[in-house]
Amino acid sequence: MSYLLNNINLSSPRWAVFSRSLAAIFGGYALATSSSLFIGQLLLNNVGKYQAIHIGLLFSFLVYACAAMWVFSVSNATKAWICLIKANVFFVVGAWLLMQFTRVSS
Amino acid sequence: MKDNFRQSMKWFHTWVGLIVGWILFFMFLTGTLGYFYQEITRWMEPERPFIEHNISNEQLINIAQTYLKKNAQDVDEWDIDLPTARNQNLRVGWRHPPEAGKKRGRYESSVVDIATGEKVESRATGGGRLLYRMHYRLHYLSTKISYWIVGFCSMLMLLAVITGVVIHKKIFTDFFTFRAKKGLPGWLDIHNVLSVIALPFHFMITYSGLLFFLFTYMALSTNLQTNEDEYREMRKEIYPRTPHAQSTNQPAKMIDISVLYQQAKNSWQADELSTIEVFAANDSNAQVRFVRHETDITYNPNDEVLVNAITGEMITHTPREYTAAGIIHNGFFSLHEGQFAGPIARWIYFFTGLIGTAMIASGLILWTTKRKPQQMKKPNGPDFGYRLVEQLNIGTIVGLPIAIAMYFYANRLLPIDMADRVNWEANVMFISWALLLVYPAFRPANKAWHEQLQLAALVYIALPLVNILTTDKHLINSLLQQDWGLAAFDLTLLGVGCCFAFSAYKYKALTVDKKTSRQRVKQDKSVGNEKLLQLQRVSKGNG
Amino acid sequence: MLILICLCFPAMVLLCLAMNKHREQVLTQTVPKLMIRFFRPLAWLLLMFTAYLSIELFGWSIGPALLFGALTIAVLLLTLLLTYRAKIVPQLAIVLPFMASLSVVPINF
């Protein structure tokens, strides 16, 4: 996906902006969701399940905002996409591992 | 690298602000009016009697209870809203038992005339509630779609606020700087000042606005982590409610509420009562809850006094429990709505909301001012995009206030027994806004600004006059009766009208001045309030 | 509530007097350098006192919210005065706290 978008934006700066906007809107949303998952799982044992999820959700908008700003500040769109995907994968895998860990320990 | 970052953020700020600027302007203005929604509703229901001075709470409670006994006998959930500084009439409400297959029963309420003890028959109107609901429930769209649009706009607003702080180079050294200059530097100063002085408000209002629909926007995350029962439990933990008594179907005689009120009075040491709720009325389980004006942003258990209505004893209720995150969440809600605010704090909320509105307006005007010299040089005239922005600016920044005035006109002038009257009030508002959005397309920008400013002045100044002609609850009477809430509404209309008239005059003066000579028109100094500032800005930047 | 605005205003005036470019706007006579140094700490002290007062009067939750509201109004007023009537700023900064002290008992906020 990122490869494709990058190919298009090579021809015109408009495509680069379009690609970045997509990255900010959807990639940012994905990051907000995955980070809230991660925070929710991370704090699970400290503050109780519901509050942990809640805290994750409260932070999600700030994560979204930072991600969107960051997408428009990096040097090119491809980099933005790749880093967003990396961060997303990190959070999802992290959340998944934490889920396994809590299941084993409980 | 750092400068590069700032550059990209500057670009980002410009375009993020432009894309949703007009919707945000609409949201901010209608939301700001929402701080006075009760007062607006009161004005829009002129059949209600004037405020009654010198009447004790006990007397009011007795009138309300008599009315409820007569009109809501088979109902066991009552509430009574006492006259306050905001809503100056006695209001009673009751909830019918749920019909088959429904969770909650129908809710009915009426304003009671203190003199006669009868219901006041008001005209059908959306009132202030409909107006302020527009700021998140964009009138014509379906609930779900409007929540997502509002969420998208709020998210971009949050981004605009954060990037705005990033690109503002000298936030502290320029803290008080406002140079009343024409053109770009003046507009930039205005935009900066309006943003910086109310920065905590801007951030709070945007972030809390997003929190209102947290579980709609982030549904994916909660769905992944909870099942349906857990989700319901989680919501209960975040928004705890005090459970109330259920009826046992054993009739019993209640003590008069005004007698029970003594209990609440004793524990508050003052006459602070604002609402009374009765549960399981005329039942052996009957309870009365006295609620006073909020004294805490989240929750103060002492604001409620629960009394057993049969024995007259106070019931010690277990206070609601909030988690830390829940306190933050509900605290943001409360800050957003400002229900705790008294008269002065409410006016400050109102002005700060207007500052936010003006900030958006100045940002939009800044966009065109910056591009004006370049666009004017083009051989075929300005680009389509530039003209569109200019047109939307005129149609929204001046057009929307006029449209809101038309909403009030519709309330006074539409036939009282008209079918679907509530909807037509709103239709009139949106039709006039649409006309004002189209109108600038057929006029040169300068003329359009001036004409719409004049129109705005005219409609706002004429509104209290129309009020005099159509009702007996007009400015003169309300001043004579010392009904300040009602009088303040008419006075505010006049004030807003004068601001528009002043800015129209100033606009004309500056345009003529520019044409004939470089002679300086001295800036008028009598800048008293925020609205005036906003309007002056309109005149300055386009002069 | 009014008392908060009346106290925030002189605090903001002091902060603004500590800046060179604004001091020239407001004051015609020159001020000894030593005095200028005291403006900023004094402003913060006054601000801290106002914050304390708002919490004392309205509690931990409503107090800070009202303080920010009062600050917004005070800065708005000061900024407008600096542009259009810079000369009356010092007088107002002295008069306002006096008026505030007359109404120490907050009737409602």
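Derivation of every value follows stated rules applied to the coordinates shown; laboratory data play no part. Here the structure is a predicted model, which is why all the values come from computation and not from measurement. FYI the Cβ positions are ideal-geometry reconstructions off the backbone, even for glycines, and counts take in every protein chain you see.
Once all Cα-Cα distances of the stretch B:295-404 are split into 10 Å bins that start at 0, what whole-number percent is in each one?
Going from the shortest bin to the longest, the percentages are 11, 23, 20, 17, 13, 9, 5, 2, 0.
Based on a Kirkwood Rh over C-alpha pairs, give the Stokes-Einstein translational diffusion coefficient of the protein assembly as shown at 20 °C and viscosity 1.002 mPa s in µm²/s.
Here the translational diffusion coefficient equals 74 µm²/s.
Taking 7 Å along the Cα-to-C-beta vector as the label spot, tell me the residue B:19-residue B:184 distance in nanometres, rounded to one decimal.
2.5 nm
According to a simple spin-label model (label point 7 Å from Cα along Cα-to-Cβ), what is the distance in nm between residue A:86 and residue B:11?
Once both label points are built, they end up 2.2 nm from each other.
To the nearest 20 debye, what is the magnitude of the charge dipole of the protein assembly as shown about its Cα centre, counting +1 on the Cβ of each Lys and Arg and -1 on the Cβ of each Asp and Glu?
Result for the protein assembly as shown is approximately 4500 debye, rounded to the nearest 20.
In the neighborhood of residue B:454, defined by Cβ-to-Cβ distances under 15 Å, what is the net charge if each Lys or Arg adds +1 and each Asp or Glu adds -1?
With Lys, Arg at +1 and Asp, Glu at -1, the net is +3.
Using the Cα gyration tensor of the stretch B:114-240, with a ≥ b ≥ c the square roots of its eigenvalues, what is the shape: rounded (a/c below 1.5), prolate (a/b larger than b/c) or oblate (neither)?
oblate
Can you give the mean number of other chain Cβ atoms that lie within 10 Å of the Cβ atoms in peptide B:172-184?
Across B:172-184, the average partner-chain Cβ count within 10 Å equals 4.
Taking N as the number of residues in chain B, what is its Cα Rg relative to 2.2 N^0.38 Å?
Taking N as the residue count of chain B, the ratio is 1.09.
Restricting things to Cα coordinates, could you compute the convex hull volume per residue of the stretch A:16-102 in Å³?
Taking the convex hull of the Cα positions in the stretch A:16-102, it is 70 Å³ per residue.
Measuring from a point 7 Å past the Cα of residue C:23 along Cα-to-C-beta, which residues in the stretch B:150-184 have an amide N at less than 12 Å?
none
Hydropathy at least 0.0 by Kyte-Doolittle, axial extent at least 24 angstrom from the Cα trace: which helices of chain C, defined as entire DSSP H runs, fit?
The qualifying helices are C:33-84.
Between residue A:102 and residue A:26, what FRET efficiency follows from the Cβ-Cβ distance if R0 is 30 Å, with the result rounded to 0.05?
0.55
Where does the charge balance sit around residue B:277 when Lys and Arg score +1, Asp and Glu -1, over other residues with C-beta under 14 Å from its C-beta?
Summing Lys/Arg as +1 and Asp/Glu as -1 gives -1.
Mind jotting down the three principal axis lengths of the stretch B:1-160 based on Cα atoms? Whole angstrom, largest first.
Sorted largest first, the three principal extents are 74, 45, 27 Å.
Using every Cα-Cα pair within the stretch C:2-102, state what percent have a distance larger than 20 Å.
So the pairs more than 20 Å apart make up 37 percent of the total in the stretch C:2-102.
So what's the stretch B:205-316 giving for Cα Rg divided by 2.2 N^0.38 Å, two decimals?
1.42
Ignore the peptide's own chain and count Cβ atoms of other chains within 10 Å of each Cβ in B:352-361; give me the average, rounded.
1
Where the centroid of each part is defined by its Cα atoms, how far is the stretch B:60-117 from the stretch B:427-485 in Å?
Using only Cα atoms, the two centres lie 35 Å from each other.
Please sort B:196-208, B:262-274 by packing, taking for each peptide the average over its residues of neighbouring beta carbons within 10 angstrom, highest first.
Most protected by this proxy first, the peptides run B:196-208, B:262-274.
Suppose each label sits 7 Å from its Cα in the direction of the beta carbon; what would the residue C:60-residue C:44 distance come out to in nanometres?
2.4 nm
Tell me which DSSP H helices of chain B clear both cut-offs, 18 Å or more of axial length from alpha-carbon atoms and a mean Kyte-Doolittle hydropathy of at least 1.0.
B:143-167, B:199-212, B:421-438
Using only the alpha-carbon atoms, how far is helix A:49-71 inclined from the longest principal axis of chain A? Give it as 0 to 90 degrees, nearest 10.
Taking the Cα atoms of chain A, the angle to A:49-71 is about 20 degrees.
What are the equivalent ellipsoid semi-axes of the stretch B:357-506, built from the alpha-carbon gyration tensor (square roots of five times its eigenvalues), in whole angstrom, biggest first?
Equivalent ellipsoid semi-axes, largest first: 35, 18, 11 Å.
Which FRET efficiency, nearest 0.05, do residue B:468 and residue B:250 yield, Cβ-Cβ r, R0 56 Å?
In this case the efficiency is close to 0.50.
Could you sort out which of B:506/C:87; B:144/B:170; B:372/B:506; A:79/B:370; B:70/B:265; B:370/B:506 sit more than 30 Å apart by Cα distance in this structure?
Violating the 30 Å limit, Cα to Cα: B:144/B:170; A:79/B:370.
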